[in-house]
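Structure, as structure tokens:
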Amino acid sequence: MARVFGLFVILALVFSVWMATGQSPLQDFCVADLKGQVLVNGFACKNPSLVQANDFYFGGLHMMGNTSNAFGSKVTPVYVTQLPGLNTLGISLARVDFAPWGINPPHTHPRASEIMTILEGSLEVGFITSNPENRHITKTLCKGDVFVFPVNLVHYQRNNGNTNAIAISALSSQNPGVMPVANVLFGSKPDIPTDILARTFQTSDEFICDIQKKF
Ligand SMILES: *[C@@H]1O[C@H](CO)[C@@H](O)[C@H](O)[C@H]1NC(C)=O
């Protein structure tokens, strides 16, 4: 009986680790063959005998992103397309630069949680929980602080000061994806019909048209 229970506990542990990390790797690595013709979930593997150190490497994250845009922020991604060795590993990185008072507008990552640390400056960050609470969880972060944005939830950041701010984010996908709320609603191709958005936001078609023109 004790032995059966012990086996059950081990199986439960193995299963929970498997659930938490996705399926165990079946090989040391699967460097993305970015030009491959095979369509799989992720990228097909490059021939392991042709893999080089540079397949596991990305240089340049010390470089400031260009924040001269409407939002005053720039994300520099290090996802699988920038670093092919990330294929199948379920992790990635990004640098986010902010001009003074710049924003990273509300968005979601459909495939990743995000853990962010502040290297320079101060950020006001937040995310919103799902219905019916729609609780807004927000905090001001300073250099050295770390904050996590749970997978799929709408979140944003704003530089809270007159100097540039820099953050580094780790994400739990090789290809986190991003859905900026404004672009998704007002910049889809083709557009969501204006009257649907007007009724959604309880406002006029003209007001919606004005926003749609900006995206
Ligand atoms: C930054 O982006 C702006 C707008 O696209 C562009 O005009 C400017 O030349 C860029 N600056 C640098 C240093 O690349």
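Key figures
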| read-out | value |
| --- | --- |
| Test: residue in the stretch 192-212 that is touching a residue at least 12 places away in the same chain (Cβ under 8 Å), within 25 Å of the chain's Cα centre (by Cα) and open to solvent by 50 Å² or more (accessible area, probe 1.4 Å) | no |
| Residue satisfying all of: in the stretch 171-191; crowded, with 18+ Cβ neighbours inside 10 Å and not in a loop (DSSP other than H, G, I, E, B); farthest from the chain's Cα centre (by Cα) among these | Phe186 |
| Single unsatisfied condition, Thr163 versus (1) open to solvent by 80 Å² or more (accessible area, probe 1.4 Å); (2) outside the structural domain of Val80 (by TED's automatic domain parsing) | (2) |
| Selection status of Thr163, touching a strand residue (DSSP E or B) at 6+ places or on another chain (Cβ under 8 Å), within 22 Å of Thr67 (Cα to Cα) and in a loop (DSSP other than H, G, I, E, B) | yes |
| Complete set of residues in the stretch 38-84 that are within 18 Å of the chain's Cα centre (by Cα) and among the small types (Gly, Ala, Ser) | Gly42, Gly65, Ser73 |
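Table: residues versus (1) under 29 Å from Ile211 (Cα atoms); (2) away from the ligand (no atom under 16 Å from the Cβ); (3) in the same structural domain as Ala167 (by TED's automatic domain parsing).
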residue: Met64; (1), (2), (3): no, no, yes
residue: Asn69; (1), (2), (3): yes, no, yes
residue: Lys74; (1), (2), (3): yes, no, yes
residue: Thr117; (1), (2), (3): no, yes, yes
residue: Gly121; (1), (2), (3): no, yes, yes
residue: Val125; (1), (2), (3): yes, yes, yes
residue: Thr129; (1), (2), (3): yes, yes, yes
residue: His136; (1), (2), (3): yes, yes, yes
residue: Leu141; (1), (2), (3): no, yes, yes
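The values are calculated or read from the model by the stated rules, or taken from the named source; none is laboratory data. Keep in mind it's a predicted model, so treat the numbers as computed, not measured. Heads up, the Cβs are rebuilt from the backbone with ideal geometry, glycines too, and the neighbour counts pull from every protein chain shown. We work out accessible area using only protein heavy atoms, side chains counted, and drop any ligands, DNA or RNA first. Shrake-Rupley method; radii C 1.70, N 1.55, O 1.52, S 1.80 Å.
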